[in-house]
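A.B. asks: Below you will find the structure I want to go over with you.
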Amino acid sequence: MSWFSEIKKASKSSAGCGIMFAALFLVPGILAITLGEQGIIWGILFFGLAALIAALSAKGANGQKSIDAFLAEVDSIGNRDNVLAAIDALAPQSGFEAIDVRFHSNFIAYRQGITAHIWKTADVVWMLIQQNNITHKTKAYGITVAKSNSVQFEIKVHCKNQILFSLPVASEEEGQRLLRTMTSLCPSARIGYQEQKQNNAFHAPRSL
């Protein structure tokens, strides 16, 4: 299956989940109305929730809005069929976390579920590795009983017109390796490193 076909498949699957979720409120609504009196109020409430979820699902038009946005980005790169064929001919880059990224001399493309983007390597003005310190809390009856910390890294790609992309990586080492490869593709981009603490304070970037 082609790269673009995977995006459309994920989009249809997402829409199907929305319809199924709406049905979960529709069935209790019917049952509540059959009870009469106070059940009618609950039935109307359930019907309203089902209608809202269905409307939000339909608004996405099976994710068509996201697909159209991605295709507009593809068209900005070059001939649509040629660019999509070029993406299919590329191998996914290892080292990224739960995301399909493809490197080309003229563009970088990534896909995660129904989200997909592509941009010209010539449009990249700044790239850096960002460290995120994550605190995980275990709660019981609303009370925090345990905490654990983890560190996650991602490559931030800043393009022209203030466009920003975040590419999660498996580790800092993988991020540095991938950033070196991306540097060779985007020679005009400024390269840096940035840490993010738990309080969201940032250190100044430093060169790799």
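A.B. asks: For region 137-149, give me each residue that is in contact with a strand residue (DSSP E or B) (Cβ under 8 Å, 6 or more places away or on another chain), of a type outside the set (Lys, Arg) and modelled with pLDDT under 75. Outline the logic, then answer.
C.D. replies: Here is the first cut: in region 137-149, the residues in contact with a strand residue (DSSP E or B) (Cβ under 8 Å, 6 or more places away or on another chain) are 137-139, 144-149.
Next cut, of a type outside the set (Lys, Arg) only: 138, 144-146, 148-149.
Listed by number, the residues that qualify are Thr144, Val145.
A.B. asks: Return yes or no: is Leu167 touching a His at 6+ places or on another chain (Cβ under 9 Å) and either part of a strand (DSSP E or B) or open to solvent by 40 Å² or more (accessible area, probe 1.4 Å) (or both)?
C.D. replies: Working: touching a His at 6+ places or on another chain (Cβ under 9 Å): no; either part of a strand (DSSP E or B) or open to solvent by 40 Å² or more (accessible area, probe 1.4 Å) (or both): yes.
Against the criterion (touching a His at 6+ places or on another chain (Cβ under 9 Å) and either part of a strand (DSSP E or B) or open to solvent by 40 Å² or more (accessible area, probe 1.4 Å) (or both)), Leu167 does not qualify.
A.B. asks: Same structure again: From the residues in region 1-16 that are assigned to a helix (DSSP H, G or I) and over 15 Å from Leu71 (Cα atoms), which one is modelled with the highest pLDDT? Lay out the reasoning, then the answer.
C.D. replies: Taking region 1-16 first, the residues assigned to a helix (DSSP H, G or I) are 3-16.
Checking which are over 15 Å from Leu71 (Cα atoms) leaves us with 9-10, 12-16.
Values: Lys9: 75, Ala10: 63, Lys12: 55, Ser13: 49, Ser14: 51, Ala15: 47, Gly16: 46.
Among residues in region 1-16 that are assigned to a helix (DSSP H, G or I) and over 15 Å from Leu71 (Cα atoms), the one modelled with the highest pLDDT is Lys9.
A.B. asks: Same structure again: If you scan region 97-138, which residues turn out to be among the small types (Gly, Ala, Ser) and within 17 Å of Ile67 (Cα to Cα)?
C.D. replies: Our first condition is that a residue be among the small types (Gly, Ala, Ser); within region 97-138, this holds for 98, 105, 109, 113, 116, 122.
Ala109, Gly113, Ala116, listed by residue number.
A.B. asks: Looking at region 49-71, is at least one residue assigned to a helix (DSSP H, G or I), among the hydroxyl-bearing types (Ser, Thr, Tyr), modelled with pLDDT of 95 or more and within 21 Å of Ile163 (Cβ to Cβ)?
C.D. replies: Let us first name the residues in region 49-71 that are assigned to a helix (DSSP H, G or I), namely 49-59, 64-71.
In the following step, the residues that additionally are among the hydroxyl-bearing types (Ser, Thr, Tyr) were identified as 57, 66.
From what is left, the residues that are modelled with pLDDT of 95 or more are none.
No, region 49-71 contains no residue that is assigned to a helix (DSSP H, G or I), among the hydroxyl-bearing types (Ser, Thr, Tyr), modelled with pLDDT of 95 or more and within 21 Å of Ile163 (Cβ to Cβ).
Residue-wise test of (1) surrounded by 11 or more Cβ atoms within 10 Å (Cβ to Cβ); (2) part of a strand (DSSP E or B); (3) free of Cβ contacts under 8 Å to residues at least 24 places away in the same chain; (4) on the phi > 0 side of the Ramachandran plot.
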position: Ile134; (1), (2), (3), (4): no, yes, yes, no
position: Lys147; (1), (2), (3), (4): no, yes, yes, no
position: Ser150; (1), (2), (3), (4): no, yes, yes, no
position: Glu173; (1), (2), (3), (4): yes, no, yes, no
position: Ser188; (1), (2), (3), (4): no, no, no, no
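The values are calculated or read from the model by the stated rules, or taken from the named source; none is laboratory data. Keep in mind it's a predicted model, so treat the numbers as computed, not measured. Ideal geometry is used to build each Cβ from the backbone, glycine not excepted, and the neighbour counts take in all protein chains shown. These area figures cover heavy atoms from the full protein model, side chains too; ligands, DNA and RNA do not enter into them. Shrake-Rupley method; radii C 1.70, N 1.55, O 1.52, S 1.80 Å.
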